[in-house]
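Student: First the structure, then my questions, so here it is.
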Amino acid sequence: MTVGIEIEMDDAVIYARSFASYGNYTRATTFMTRALRHDPSNVDNLIERSKFWRELDLASNALLDARRAVLVAPDRPTSWESLAEAYVMLGSLDAALDAIDAAVPLVPIGSADASYTEKLAVRPTTGRGNGRGISGTATVSELLT
């Protein structure tokens, strides 16, 4: 006989983060999925699970969660950053840069992210994507330099 154990959303998130801190992203994803069953529109959990998927080299799954985060909270720069990271992993660098461009005006001036925003704002707009000599495994920070 199998006994199902139901856990609260907060506990699931705690377990997910704990497993992730030990590098067990498979278990982290399992628990974050449980948390998202309780609240499928929780942007922080969507973004975090997207990161877990990227750690597992499951870029398509990461993209799905990042897109959902953007749909739920298009006014949050972190949603767009997660989307950009997923696109970078998939090698869609123009789409990643578009996501970064969408995030720039959302970061308040004078915030802790101001220097990040300034760096995004001065990024050249010509020679995008692979034409810049950036590989499909580039990070978002590499796209900005």
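Student: Residues to consider are ASP98, ASP75, ASP44; find the one that is surrounded by fewer than 23 Cβ atoms within 10 Å (Cβ to Cβ), among the acidic types (Asp, Glu) and farther than 29 Å from GLU8 by Cβ.
Tutor: Criteria check complete, one pass: ASP98.
Student: Could you please let me know if SER18 is touching a residue at least 12 places away in the same chain (Cβ under 8 Å) and among the small types (Gly, Ala, Ser)?
Tutor: For SER18, the condition - touching a residue at least 12 places away in the same chain (Cβ under 8 Å) and among the small types (Gly, Ala, Ser) - is not met.
For (1) free of Cβ contacts under 8 Å to residues at least 24 places away in the same chain; (2) closer than 27 Å to LEU106 by Cβ; (3) assigned to a helix (DSSP H, G or I), each residue gets a yes or a no:
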| residue | (1), (2), (3) |
| --- | --- |
| THR26 | no, no, yes |
| MET32 | yes, yes, yes |
| ALA35 | no, yes, yes |
| PHE52 | no, yes, yes |
| SER82 | no, yes, yes |
| VAL88 | no, yes, yes |
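Student: Of the numbered conditions (1) farther than 22 Å from VAL107 by Cβ; (2) in contact with a helix residue (DSSP H, G or I) (Cβ under 8 Å, 6 or more places away or on another chain), SER21 fails exactly one; give the number of that condition.
Tutor: Here SER21 meets the rest and fails (2).
Student: Given the conditions (1) in contact (Cβ under 8 Å) with a residue 24 or more places away in the chain; (2) over 25 Å from ASP98 (Cβ atoms); (3) in contact with a Lys or Arg (Cβ under 7 Å, 6 or more places away or on another chain), and given that ALA62 satisfies all but one, which numbered condition is not satisfied?
Tutor: Of (1) in contact (Cβ under 8 Å) with a residue 24 or more places away in the chain; (2) over 25 Å from ASP98 (Cβ atoms); (3) in contact with a Lys or Arg (Cβ under 7 Å, 6 or more places away or on another chain), only one is false for ALA62: (2).
Student: Let me ask another. Here are the criteria: (1) at pLDDT 95 or above; (2) assigned to a helix (DSSP H, G or I). Tell me which single one GLY131 does not satisfy.
Tutor: Going through the list (1) at pLDDT 95 or above; (2) assigned to a helix (DSSP H, G or I), GLY131 breaks only (1).
Student: Could you grab me the full set of residues in the range 54-66 that are part of a helix (DSSP H, G or I), more than 9 Å from the chain's Cα centre (by Cα) and not polar (S, T, N, Q)?
Tutor: GLU55, ALA59, LEU64
The values are calculated or read from the model by the stated rules, or taken from the named source; none is laboratory data. Because the structure is predicted, anything quoted here is derived from the model rather than measured. With ideal geometry, Cβ positions are generated from the backbone for all residues, glycine too; neighbour counts draw on all protein chains shown.
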